[in-house]
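Heads up, the thing below is written out as structure tokens.
Nothing in this text is a laboratory measurement; each read-out follows from the coordinates by a stated rule. Values in this document were obtained by computation on a predicted structure and should not be read as measured data. With ideal geometry, Cβ positions are generated from the backbone for all residues, glycine too; neighbour counts draw on all protein chains shown.
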Amino acid sequence: MLTAQIRAFEKYLRIERNVSENTCRGYLQDISGFISFLQNTHIGTFAAIGDIDAMAIRAYLAVCAQSNKKSTQARKLSCLKTFFSFLVREGFSAVNPAEMLKAPKRDSTLPRHLTVDEMFALLDSIPVATLLQVRDRALLELLYSTGIRLGELVGLNRSDIDQPAGKILVRGKGSKERIVPMGRKAAGFLADYLDRSQALAGRHHAVRRMPVFLNQRGGRLSGRSVARLLDVWIERCGITHKISPHAIRHSFATHLLNAGADLRGIQELLGHASLATTQQYTHLHVDALMQVYDRAHPRSKNVPDGS
């Protein structure tokens, strides 16, 4: 069902939208789930794409609501809107049945983050006696020092590291590039790791495509491996709550904000297209916004009374 259209949509995502591999996989999985729902219910008895209507999508979302968070429901609806919009553009369908549907209001829960003391305790608990320990210390120091995404971290090549300048070239969502500074400690541990792992990297990769972070076999370290090694060090450090690599990115942004960093600067460092996304990461409240305003705005002081 819809095999040709899905293949065309995948090509559109990869070539025209230039989305990441994870994003593309997520879109296709959501579409596959929707089609499976249609096939496994009486709603699936349609003869053409144009027979899929808003009622079918509402029924699908109602089932999703039983076992998915509101943010996941919203993502699934957004995927279907994009998919059907593509089908209309390409002439596969006359209308977009998802266009007028509204996503559920998302929960206002915020991702967990570490305090500064917890973050320092985690990093300082990692010894540097073996190559893998040096790798893990350099990796987590860099993750906290730069706030880059997990996919950006594991995608780094050695040619992306400018050690003399203390900067890295990061390829973000949609292959957008940005330059991000790294702190002195992160740069030091990273330099040590790059020196120690040079021979292992050189045996497996061309010079320009040498990954920064390697697994034990000399291949590029995966995102799942980073999550697993973080779990190990979190447990050994004695932190009782689970922390993901994304939570370290969130900690980076939060600590910068609490230290008085400019919101626009944090937005650039994180690679966000919208400032609203940055505000969500840094769980801005009105009081925090007022403090930033009072520190930065030239007209925030000595405002006279009256009109």
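Here are the numbers for this structure:
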| quantity | calculated |
| --- | --- |
| Among Ala62, Ala201, Ala74, residue whose mean-square fluctuation peaks in a GNM of the chain (springs only between Cα atoms under 10 Å) | Ala62 |
| Where the Cα pairs of the range 116-294 fall when distances are cut into 10 Å bins, in % | 9, 37, 36, 15, 3, 0 |
| Fluctuation leader among Phe213, Phe83, Phe252 - the chain, Gaussian network, Cα springs under 10 angstrom | Phe83 |
| For the range 60-81 versus the range 115-170, the gap between their alpha-carbon centres in whole angstrom | 35 |
| The chain: most fluctuating residue of Asn96, Asn40, Asn18 per GNM, C-alpha cutoff 10 Å | Asn40 |
| DSSP loop trypsin sites (Lys or Arg not before Pro) with at most 10 other Cβ within 10 Å excluded, longest remaining stretch of the chain | 1-101 |
| Rg over Rh, two decimals, the range 1-148 (C-alpha only, Kirkwood Rh) | 1.15 |
| Column: log10 I(q)/I(0), Debye, Cα scatterers of the range 3-89, q = 0.13, 0.15 Å⁻¹ | -0.42, -0.56 |
| Rounded D (µm²/s) - the chain, Kirkwood Rh over Cα pairs, Stokes-Einstein at 37 °C, 0.692 mPa s | 146 |
| The range 116-294, relative contact order in percent, only Cα pairs under 8 angstrom and at least six apart counted | 24 |
| Taking the chain and dividing mean pair separation by its residue count, relative contact order in percent (alpha carbons under 8 Å, at least six apart) | 16 |
| Shape metrics for the range 225-269, restricted to C-alpha atoms - Rg then Dmax, Å | 13.1, 36 |
| Helix 54-65 vs. the chain, principal-axis angle (Cα, 0 to 90°, nearest 10) | 40 |
